[in-house]
1. How large are Rg and Dmax for segment 36-116 when calculated on the C-alpha trace, in angstrom?
2. Around Val103, which amide H atoms from residues at least 5 apart in sequence, or from another chain, sit under 5 Å from its own amide H, with H modelled in the peptide plane?
3. Would you mind giving the three semi-axes, in whole Å and largest first, of the ellipsoid equivalent to segment 30-76 according to its Cα gyration tensor?
4. For a quick protection proxy, order the peptides 114-122, 65-73, 38-46 by their average other-Cβ count within 10 Å, most packed first.
Amino acid sequence: MFFISSSLMPNVLVIIVIMVIVTGHCTNGCDESDGFLQSPRGNCFKAILEDNTHNWASAQSRCAREHLFLAQPGDNNATWLQLTLLNKYYGRTQLYWINGYIVNPPLYQWGDGQVVAADHPLWYPGDKGDGFPKEPVTSSGRCMVIDAWQNHIQHHPGRPYRTYECAEVFPVPLCQV
Ligand SMILES: *[C@@H]1O[C@H](CO)[C@@H](O)[C@H](O)[C@H]1NC(C)=O
C-alpha cells in the first residue's frame, strides 16, 4: 500500500513546487548562456552565428536541429529584435533569415501561410519584397531577412523586413522557440 504520512506531506509539496520552478526555468529554453535572446515580453530568439553556410531552406533545418523554428518576428518583437541583433552582433553579421518567402511577386507569406502585407509597416522602404540587393526575382526566389545594418537602422528605424536571394548563404539563421 502506498501512502504519504501527513507529517511528510508539507515536505513533499515543497519539493514538488521547487522541482516545477527549477525545471520550468531550465526547460523554457531561453537561457542567455545558450545563446538565446529574450525580449522583455518573454519572446525568445536565437541567431546561429557560428556557421554562415545556410541558404534559406537549410536555415530552416538548422533551426529544427535545435528543436527551434525559423523566426517569425512581427509587431510585438521585430523592432526590439533588430536593435538587439545590432547591439549584440555588430561587426559579425547583419542579415538574418526569417520564415517568410515570396509566393507570387510581390506577395510574401509566412511559413504558416499568413500573408505578409505589401504595406506592412515593418518593410524597409522601397524593398517590399523586390529588392535587397535590388535584383529581379530569380528561380531560387526571394526570402525574408531581418536587416540589422547600423546604417539602415539609422536611416529608417523600425523597418527591419527585407528580402534576399533564397539560395544565398550570406544571412545567418534566426530561430525562435
Ligand atoms: C513575435 O511576435 C509575432 C507576432 O508579432 C509572433 O507571431 C511570434 O511568435 C513572436 N516571436 C516569439 C519568439 O515570441
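1. For segment 36-116, the Cα radius of gyration and maximum Cα-Cα distance read 13.0, 36 Å.
2. Those lying under 5 Å, H to H, from Val103 are Tyr108, Gln109.
3. On the way: eigenvalues 77, 35, 16 Å².
Here the semi-axes work out to 20, 13, 9 Å.
4. Final packing ranking: 65-73, 38-46, 114-122.
Read the figures in this text as sums done on the coordinates, not as results from a lab. Note that this is a predicted model, so its numbers are computed, not measured. Positions of Cβ are backbone-derived with ideal geometry, glycine not excepted, and every protein chain shown enters the neighbour counts.
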